[in-house]
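Q: There's a structure below that I have some questions on.
Each reported figure results from applying straightforward, stated rules to the coordinates on display, with no laboratory input. Worth saying up front: this structure is predicted, and the values here are computed from it rather than measured. Here Cβ is always computed from backbone atoms with ideal geometry, including for glycine, and neighbour counts include all displayed protein chains.
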Amino acid sequence: MGSFIFKRSLQSVFSLVVLIILVFFLARMTGSPADLYLPQDASLEVRNQFNEQLGFNDPLYVQFGRFFWGLLHFDMGQSLQFSRPAVEVVLQAFPTTLTLAAITMPLVLLLSIVTGSLAAFRPGGVFDRLASFISLIGASTPNFWVAIVGVLVFAVTLRVLPTSGTGTPLHWVLPVAVLMLRPTGVLVQVVRTSMMTALSSAYIKTARAKGVGSRAIVFVHALRNGLLPVITVASDQAAGIVNGAVIVETVFGFPGIGKLMIDSVMLRDFAVIQAAVLVTALAVFIINIIVDITYALVDPRIRYS
Amino acid sequence: MPLSIRVSGTAEMNAPVSLTLQTSATSSGFRDAIGLLWRDKLATLSAILLLIVLVCVLLGPWLLADKARAVNLMARNAPPFSIDKGWMFFLGADALGRSLLARIIVASQNTMVIATSAVCLSLVLGGLFGLIAGYKGGWVSALLLRLADAIMSFPSMLLAVIVLFVFDPGITNVIFVLAISRIPIFLRTVRAEVLEIKERMFVTAARAMGARTDRILLRHIAPMVLPTVINLAALEIAFVMLVESGLSFLGIGIQPPEVTWGLMVADGRNYLGSAWWLAFWPGVAIMLVTMALNLLSNWLRVVTDPVERWRLQTTVSRHD
Amino acid sequence: MNFWKPMLVAVSATLIAPLTSAKAEDATAVTIVLPAGPDRLDPCETPRSVIGRIIKQNVVETLVELDYTNRTTLPRLAESWEQTAPTEWVFKLRQGVTFHDGTPFDAKAVIHSLERTNDPALTCITRTKYLDGTDVKATEIDAHTVKFTTKTAVPILPTLLAQLAISSVNTPKGEYTATPIGTGPYKFDHWTQGENVVLIRSDAYWGNKPLIDKATYVWRSESSVAAAMVETGEADLAFSIAPQDAINPETDKVYPNSDSALFRLSVDIPPLNDVRVRKAINLAIDRQAFLGSIISDKAELAMQQVGPSVLGFNANLKPWPYDPEQAKALLAQAKADGVDVDREIRMIGRPAMFANSNEFVEAAAEMLRSVGFTIKLDNLEMSQWLKMANKPFAEDRQPNVFLTMHDNNSGDAAFTAFFKYHSNGRQSELHDADLDALIVDAGTQAGAKRAEEYNEVFRRIYEDIVADVPLFHMVNYMRVGKRLDFTPTIANAVELQLAKLKLN
């Protein structure tokens, strides 16, 4: 187990390096920041000065070398927009997004496993139809639409929740609810499908035919077997929370990393893009390692290899 | 004993049935499928809806492109459910007084082309890599998985923004970006399933009998994975439409005069307080297509599984 | 399935220490919603509205203040000034003023601020946009008298100095600061990245003590959310909301934002090199139809690139009528003379240039199509848009109808005329020797003569050359909550003086 984690982490370093190279060059292909940071009527001299000072006049490989060298010293460079170290900017924004994800994902899992399983138990039943219907609405509604309608309904009309911002726990209700929407919708579908497969598989049928144990035991056995695809999709959804967070943070004015990333691309703040991608990538790798371990725990036939 | 035979038989029976559904080669198989579809009213409804969408995709822009583009500032935000301005305005008009109905129909082409091509592309690539990664194991698997990790850990929204800034936000580029960012989920799903299936009796048996790897993968394992993948793909189509909409919300993604449902929702969100119908109808379109695809894929999963199919044929009447 | 809501509240309660909500606890505190947050709060960046509207004249003040209504300058930290020689100005400073860190406001502080702003290690916008090229230097005559010298005669030096915010000598040179120290009625308190900026009233202020004692700035990019915040009382003032959200005449007040939108035409590229074609474009766009629909009905038709608050604005120009028939006739004439009027013309816009700008270009493209133009519409992202806006222009570019928006909030046409219309201007499509000479000469004049020459510049561009398609002088909507008594003006394009807020 220990050696598995070690090996897996080493492999992740490979992914990280691929990712970093990708981000570095892709980001720079989007064009020079000089025009965005200087007034449109800035003189040629001023523009040259700007590029010279920030090293944008150097060939790309020199810039990359400098970036990589800095990286080895845990220096991700200065943020152009904030003129502060990029790591600092990113680490300040990350906890908000992490908290959003940490509240959202457990709720999503709980809600979707319970709903999906119950739906699978009696396919075609009233509960199944209802759960499918609602979850599909959840999976197919644009989250910014829900977010804005949420503000208009709960904050403006009913006045039970604040419109936006952070501060009290009530401020988190709408963002988390919006963020839960799609993952829950998708996972209910996935849980339902794989539970149905598991429940109809041979050994469960045999167990049921033999009259072994209660309904609950059968259920737990099926759940254990049906969990593999659920874990896969759930990990994807967890990684994708950053995407949802972009929208949620934009609408609700949350100071998270999702909005920071997008703003940084718009402003060609390369250092922040790189730092932000690195930090989220680390989080995603940790999720993936946990997922791989969970696979093995759920299905003993899968060995660490 | 009979039970286990049936389960292993699934793999063999699976391919022909789904094949008939797709190609409708033999008329008896086709009639059979229609008959089965008719038994599930919701699936029938879904199929009809998707057919309508298909017609819109094929004919919409050809018939209605001019109507969808005709600006009439006098009819700005005209409310729905009124036919004073003609049936084209039954769903109301947008901020430029263009018929929402016409625009939704015309937009169906871009929307569906983007969503289905992106999902098909990632399904084929991700599925193939997943089969290999799951079956082979070893360094091949590790390499594929870590590459998938690299893509997966690059937030797809961010990837899309960067790529669309580098290349222009045309339809092809949007398709490519979305397809690439969705490969990992197919890869991982397929791999996870393969890991489990390859330990099953019939695969071990096939292997013991000396069947070739590609044959085992494509003939025995792939059909077993297919139902899950199709279900996933149905959900992914919704996801792709939503990401595309999210990009429009951020002001990137497809740019006017091109139009997609996602773009319409994103533009309409500015008027949620005053003219809800602008964002509502295209949103409903996305929702209906998602629902139809999922109901149909669920139905497909049921009918292609002989056990389920038997149950469906005997019990479905009770549910309706 | 309602179990998760209370649980959510419980979970989040343990995760986040509840902060006290600022809402309406303090009767003289205000919360202001901006459309975007600041990136740095440096005094040398105050001309950028994301920074200026928080700190300009609140935390840091300028020697000179612009009076937009009378197109003139007023004393602020300077008591008076005079031009002693063509390249020399002497400024008398206000006495008895101290910075928030306790240091005195004197000649040394002015020199320090100017040197810091002109430091090439920083790209302060006050330098790169306003002071660049003037080579302005400051020397101390006595503690409260400063002499400014420039390389060449700069008749509008006081106008330029209205952009220079004065900060304490303790503001480090060579690096940006996030903690501005000024002389203004409010002290900078703190800035939480991505969340808010807080200012509190300074008791040592030299002028009248303002009513508001604390201001919290937050930002929401969604206009509907910003508007909702004021409606629910979570905030007192939303700086800028979209026209479609400004539905309550009691709270939603309009003000000109000094932005002028227009289509620039590539006058060298056929068929746009034919003046009849350019006129046809002007005639084909129904500007009036946009007002009150997707553009605010309070916006004004534009005939030139500067607004009425700018010295040099020509009030005698007449708007183009909407006359599609005449447009068609002009096109037919041009076509008869062999002009390729059917060539595809590229219309270029930029998302979110102004509220509803995407809709605007779509509709404008339709209007041009309906008189017979072949229009390809492209919306470009900021960086690509800038590439097309600025020289060097691509050799093989298509004829283009290019949407731009220019904000001249400096009060003088010099910041527009050269940059947009002189042969050497970075965003100029023109190369007309007579016009160039006139633009250069106008820049050296002062007073009425200056205004007169700039008037002629704008007339030639509009009537003789027909270089572009002026559209609108834009407006913003500000939502002012019921607690506040405030009417915004054009000055609010770049600043919001908290001292001017009154309570109901």
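Q: For the range A:86-298, give the magnitude of the charge dipole about the Cα centre (Cβ charges: +1 Lys/Arg, -1 Asp/Glu; no others), in debye to the nearest 20. Can you show the working numbers first?
A: On the way: 12 positive and 7 negative charges, 214 e Å.
Dipole magnitude for the range A:86-298 comes out near 1020 debye.
Q: Still on this structure: Do any trypsin sites (Lys or Arg not before Pro) in the range B:37-125 lie in a loop, going by DSSP, with at most 10 other beta-carbon atoms within 10 Å of their beta carbon, and if so which? Walk me through the numbers before you get to the answer.
A: Working: sites: B:Arg39, B:Lys41, B:Lys67, B:Arg69, B:Arg76, B:Lys85, B:Arg98, B:Arg103; in loops: B:Arg76, B:Lys85, B:Arg98.
Filter output for the range B:37-125: empty list.
Q: Given H placed on each backbone N at 1.01 Å, which residues far from C:Asn476 in sequence or on other chains put an amide H within less than 5 Å of it?
A: Close amide H contacts, sequence-distant or interchain: C:Tyr255, C:Asn257.
Q: Continuing with the same structure: Please identify every one of the trypsin sites (Lys or Arg not before Pro) in the range B:121-226 that sits in a loop by DSSP and has no more than 12 other beta carbons within 10 Å of its own beta carbon.
A: On the way: sites: B:Lys136, B:Arg146, B:Arg182, B:Arg188, B:Arg191, B:Lys198, B:Arg200, B:Arg207, B:Arg212, B:Arg215, B:Arg219; in loops: B:Lys198, B:Arg200, B:Arg212.
For trypsin sites (Lys or Arg not before Pro) across the range B:121-226 that sit outside H, G, I, E and B with at most 12 neighbouring Cβ atoms in 10 Å, the list reads B:Arg212.
Q: Roughly how many debye, to the nearest 20, is the charge dipole of chain C about its Cα centre, given +1 on each Lys and Arg Cβ, -1 on each Asp and Glu Cβ, and no other charges? Before the final figure, lay out the partial values.
A: Values: 52 positive and 65 negative charges, 114 e Å.
In total the dipole reaches around 540 debye.
Q: If the reach is capped at under 18 angstrom between alpha carbons, list the lysines near C:Lys92, excluding any in the same chain fewer than eight residues apart.
A: C:Lys108, C:Lys137, C:Lys147
Q: Work from the charge dipole of the range C:256-476 (Cβ charges, +1 for Lys and Arg, -1 for Asp and Glu, about the Cα centre) and give the residue of C:Ala289, C:Pro324, C:Ala334 farthest towards its positive end.
A: Result: C:Ala289.
Q: State the antiparallel share, in %, of DSSP beta bridges confined to chain C, rounding to the nearest 5.
A: On the way: 57 of 77 bridges.
Antiparallel: roughly 75 percent of the beta bridges in chain C.
Q: Determine the equivalent ellipsoid of the range A:86-298 by diagonalising the alpha-carbon gyration tensor, then write out the semi-axes as square roots of 5 times the eigenvalues, largest first, rounded to whole Å. Before the final figure, lay out each step's value.
A: Details: eigenvalues 264, 96, 30 Å².
After diagonalising the Cα gyration tensor, the semi-axes are 36, 22, 12 Å.
Q: Under a Cβ-Cβ cut-off of 12 Å, what is the net charge of the residues other than A:Ser83 that fall near it, where Lys and Arg count +1 and Asp and Glu count -1? Provide the component values of the computation, followed by the final result.
A: Values: positive: A:Arg84, C:Arg40; negative: A:Glu88, A:Asp269, C:Asp39, C:Asp42, C:Glu45, C:Glu175.
Residues near A:Ser83 contribute -4 overall.
Q: Can I ask one more? Picking from A:Met195, B:Ala68, C:Ile51, whose Cα lies most toward the positive end of the charge dipole for the protein assembly as shown (charges on Cβ: Lys, Arg +1; Asp, Glu -1)?
A: A:Met195
Q: Taking only Cα atoms, what is the 0 to 90° angle, nearest 10, from helix A:215-252's long axis to the longest principal axis of chain A?
A: The answer is roughly 30 degrees.
Q: Okay, moving on. Under 1.5 on a/c is rounded, so check that first for chain C, then, if it is not, pick prolate when a/b is larger than b/c and oblate when it is not; a ≥ b ≥ c are the square roots of the alpha carbon gyration tensor eigenvalues.
A: Details: a/c = 2.18, a/b = 1.27, b/c = 1.72.
Since a/c reaches 1.5 but b/c is at least a/b, the shape of chain C is classed as oblate.
Q: With the cut-off at 1.5 for a/c, could you classify the range C:302-450 from its C-alpha gyration tensor as rounded, prolate or oblate? Each step should come with its number before you reach the end.
A: Working: a/c = 1.65, a/b = 1.47, b/c = 1.12.
Since a/c reaches 1.5 and a/b is larger than b/c, the shape of the range C:302-450 is classed as prolate.
Q: Hey, got a sec? Which chymotrypsin sites (Phe, Trp or Tyr not before Pro) in the range A:56-161 land in a DSSP loop and have at most 11 other Cβ atoms within 10 Å? Walk me through the numbers on the way to the answer.
A: Details: sites: A:Phe56, A:Tyr61, A:Phe64, A:Phe67, A:Phe68, A:Trp69, A:Phe74, A:Phe82, A:Phe121, A:Phe127, A:Phe133, A:Phe144, A:Trp145, A:Phe154; in loops: A:Phe56, A:Phe74, A:Phe82.
Here the sparse-neighbourhood loop sites are A:Phe74.
Q: So for the range B:41-319, taking the charge dipole from beta-carbon charges (+1 Lys/Arg, -1 Asp/Glu), which of B:Leu123, B:Pro223, B:Leu147 sits furthest toward the positive end?
A: Most positive-ward Cα: B:Pro223.
Q: Follow-up. Can you give the charge dipole size of the range C:296-434 about its Cα centre, rounded to the nearest 20 debye, using +1 on the beta carbon of Lys and Arg and -1 on the beta carbon of Asp and Glu? Could you put the intermediate results ahead of the total?
A: Values: 14 positive and 20 negative charges, 39 e Å.
That gives a dipole near 180 debye.
Q: Could I ask something else about it? With Rg and the Kirkwood Rh both taken from Cα atoms, where does Rg over Rh land for the protein assembly as shown?
A: Details: Rg = 32.3 Å, Rh = 32.1 Å.
Rg/Rh for the protein assembly as shown comes to 1.00.
Q: Report the number of Lys pairs in the range C:256-476 whose alpha-carbons are under 20 Å apart, with separation of 8 or more residues or on distinct chains.
A: 11
Q: Let me ask another. Hydropathy at least 1.0 by Kyte-Doolittle, axial extent at least 30 angstrom from the Cα trace: which helices of chain B, defined as entire DSSP H runs, fit? Before the final figure, lay out each step's value.
A: Values: long enough: B:2-23 (31 Å, 0.30); B:41-69 (36 Å, 1.69); B:100-136 (51 Å, 1.50); B:171-197 (38 Å, 1.36); B:222-249 (39 Å, 1.61); B:277-304 (40 Å, 1.35).
Helices passing the filter in chain B: B:41-69, B:100-136, B:171-197, B:222-249, B:277-304.
Q: Also: Note down the net charge around B:Leu101, summing +1 for each Lys or Arg and -1 for each Asp or Glu among other residues with Cβ under 13 Å from its Cβ. List each step's numbers first, then the result.
A: On the way: positive: B:Lys67, B:Lys85, B:Arg98, B:Arg103; negative: B:Asp94.
Once positives and negatives cancel, what remains is +3.
Q: Would you list, by chain and number, the lysines whose Cα falls below 26 Å from the Cα of C:Lys214, excluding same-chain residues fewer than 8 positions away?
A: C:Lys23, C:Lys56, C:Lys187, C:Lys253, C:Lys482, C:Lys500, C:Lys502
Q: Also, I was wondering about something else. For Cα pairs less than 8 Å apart in space and 6+ apart in sequence, what is the mean separation divided by the residue count of the range B:136-239, i.e. the relative contact order in percent? Each step should come with its number before you reach the end.
A: Working: 39 pairs, mean separation 23.7, N = 104.
Result for the range B:136-239 is 23 percent.
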